[in-house]
Amino acid sequence: MTRPNIVVILTDDHAAHAIGAYGSVVNETPRIDEIAAAGARFDNCFATNSLCSPSRASILTGTYSHINGVTTLVTPIDAGQPTFVSRLKDAGYRTAMVGKWHMGDGEGHNPEGFDYWDVLIDQGEYHDPHFLSSEGLRQVEGYATDVITDLALAWLESLEGDDPWCVLIWHKAPHRPWQPADRHADLYSDPIPLPATWDDDYATRASSARRAAMRIAEHLNAEDLKQDPPAGLSYEDEALWKYQRYMQDYLRCVASVDDNVGRVTDWLRARDLFDETLMLYSSDQGFFLGDHGWFDKRFMYEESIRMPLVVSWPNRLPAGTVRRDIATNVDFAQTVLDAAGVAPDPRMQGRSLLEATGRDGFYYRYWEHDDGFHKAPAHYGYRDHRYKLIYFYNDGMGLLGTGPFTYPGEWELYDLERDPDELRNVARDPAYASVFSDMRRRLRQEQLAVADAPYAGEPALA
Ligand code: CA
């Protein structure tokens, strides 16, 4: 069988619940849905550290944060470590990376293993973005999501011969500060529905979660909102106004993503390459869209950790498949390598998603404790198909980007079958005592299995 061409489109902070194929009630994304219809939609794909740079590093290297070293936003990657791209290149693939890299720049941190790379600096800009390539730094006129697609397609157009190729098209959108393209500036003028958990009062949640500075009512800034709230609104009404303002721009940025996903699909179809190409669309993590009153991600709660993942490869995968097995961002590397028939690096920790993973649950760890802007607490946990256990250990452990303060450890346990919105923490509920201790054992088992270590201050298992 001939080796497939590979397209990996990754966006930044695009929540699954803002995608039509995942049942969005706030927008439509026909071009992303088209990939799901032609192939598979993964309903339980999760980030193992719900933060931009760490998730990108896990996707590239097929390893957890503590293995690849990118634990926080400000820890640059050692770009020389094995990635699925370096494996593909060694196996004869032509390789390219265009768009948001966001794992550091400079010697040792710039993209490696690519024939062509052309990337935004750090977070990058939405309008007339700067790009860094092997040729140096330059500014390109236009809207980032369009320009990134233009550059990727231009590279594909430049290829000659029959060797397979792999292109990473990694967008900045729809990341904060949510600046849409001019052509989408008038979309979503009707009121956008509120999520069911908008009024979450955090009654049973650990105090660790309440400290996070991610409240739409209080923590969106002037750059995010782009205009002042109308004068004289009550606290509640001003929060509702901010929600609309935030969601309008977020969804307008998604509209441009969807258009540009369609451009890539159209390019493949026009050349009769769509059926033989492995195409993945995903985001580095999920996002709170007013869920629990929040924006942003970081927490091990569902809206944050759930990654959209739709995959098409008509020559190999049946159309219209819905996958409910547990997948993670650590699996992407081995999935691509499996499709290409290239052996994974022995260090890789995932499983190929071309078959069901058979996984019972997965280990999660958020390291960037109490950073200056978001104040989200360090925690780790384990989620299976029914339950989720979280331990907030509340210590930055001296890592770059973390805050200096520590707080007492706290547990949360959710029964996702009875409480899918995670509104009732049952960690101290006697009815769940045996579930709690069983989940603690499984957390420890999986933590050690992926070669991480427990926080020294975690109380010993009884
Ligand atoms: Ca992100």
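Peptides 390-403, 274-287, 129-142, 317-330 ranked from most to least packed, by the mean per-residue count of other Cβ atoms within 10 Å: 274-287, 390-403, 317-330, 129-142. In terms of its C-alpha gyration tensor, region 298-364 has an oblate overall shape, because the principal axis ratio a/c (a ≥ b ≥ c, square roots of the eigenvalues) is not below 1.5 and a/b does not outweigh b/c. Under a 5 Å amide H cut-off, with hydrogens placed 1.01 Å from N, residue 370 pairs with 376, 378, 403 among residues at least 5 apart or on other chains.
For residue 185 and residue 356, a Förster radius of 60 Å and the Cβ-Cβ distance give a FRET efficiency of 0.90, rounded to the nearest 0.05. Values of log10 I(q)/I(0) for region 1-121 across q = 0.17 Å⁻¹ run -1.00, by the Debye formula with one identical scatterer at each alpha carbon and no solvent.
Here the ratio of the Cα radius of gyration of region 49-201 to 2.2 N^0.38 Å is 1.18. Kirkwood-type hydrodynamic radius, region 335-462: 16.5 Å, calculated from all non-identical alpha-carbon pairs. Starting from one equal scatterer on each C-alpha and no solvent at all, send me the Debye-based log10 I(q)/I(0) for region 230-361 at q = 0.12, 0.13, 0.15 Å⁻¹, two decimals. Each listed q corresponds, in turn, to -0.66, -0.75, -0.91.
Helix-only arithmetic for the chain: the sum of -39500 (n - 2.57) across DSSP H runs with n ≥ 4, divided by the residue total, places the mean residue ellipticity at 222 nm at -8000 deg cm²/dmol. Summarising the amide proton neighbourhood of residue 327: residues at separation of 5 or more, or on other chains, whose placed amide H is nearer than 5 Å comprise 44, 45, 46. Highest mean packing first, where packing is the average number of other Cβ atoms within 10 Å per residue, the peptides 411-423, 377-389 line up as 377-389, 411-423. Of the cross-linked pairs 100/226; 100/375; 89/388, which ones have a Cα-Cα span greater than 32 Å in the structure shown? From the list (100/226; 100/375; 89/388), the Cα-Cα distance tops 32 Å for 89/388. Across the chain, Cα-Cα pairs more than 29 Å apart make up 45 percent of the total.
About its Cα centre, the dipole of the chain is roughly 1260 debye, where the only charges are +1 on Lys and Arg Cβ and -1 on Asp and Glu Cβ. When the chain is described by a simple charge dipole with +1 on each Lys and Arg Cβ and -1 on each Asp and Glu Cβ, the residue from 55, 460, 426 located farthest towards its positive end is 460. Seen from all directions on average, region 6-77 presents a Cα convex hull projection of 5.6 nm². Listed values for region 386-391 are Karplus-derived 3J(HN,Hα) couplings in whole Hz (6.51 cos²θ - 1.76 cosθ + 1.60, θ = phi - 60°), namely 10, 10, 9, 10, 10, 10, and x replaces Gly and Pro. Evaluating 6.51 cos²θ - 1.76 cosθ + 1.60 at θ = phi - 60° for every residue in region 372-382, the Karplus couplings come out as x, 9, 9, 6, 7, x, 5, 7, 9, x, 9 Hz, glycine and proline recorded as x. Applied to region 290-301, the Karplus parametrisation 6.51 cos²θ - 1.76 cosθ + 1.60 on θ = phi - 60° returns per-residue 3J(HN,Hα) values of x, 4, 6, x, 9, 10, 6, 9, 6, 5, 7, 7 Hz, with x for Gly and Pro. When each of the peptides 365-374, 165-174, 439-448 is scored by how many other beta carbons lie within 10 Å of its residues on average, the order from highest to lowest is 165-174, 365-374, 439-448.
Computed from the coordinates by the stated procedures, all read-outs in this text should not be read as laboratory data. All values derive from a computational prediction rather than experimental measurement. Using ideal geometry, Cβ is built from the backbone for each residue, glycine included, and neighbour counts are taken over all protein chains shown.
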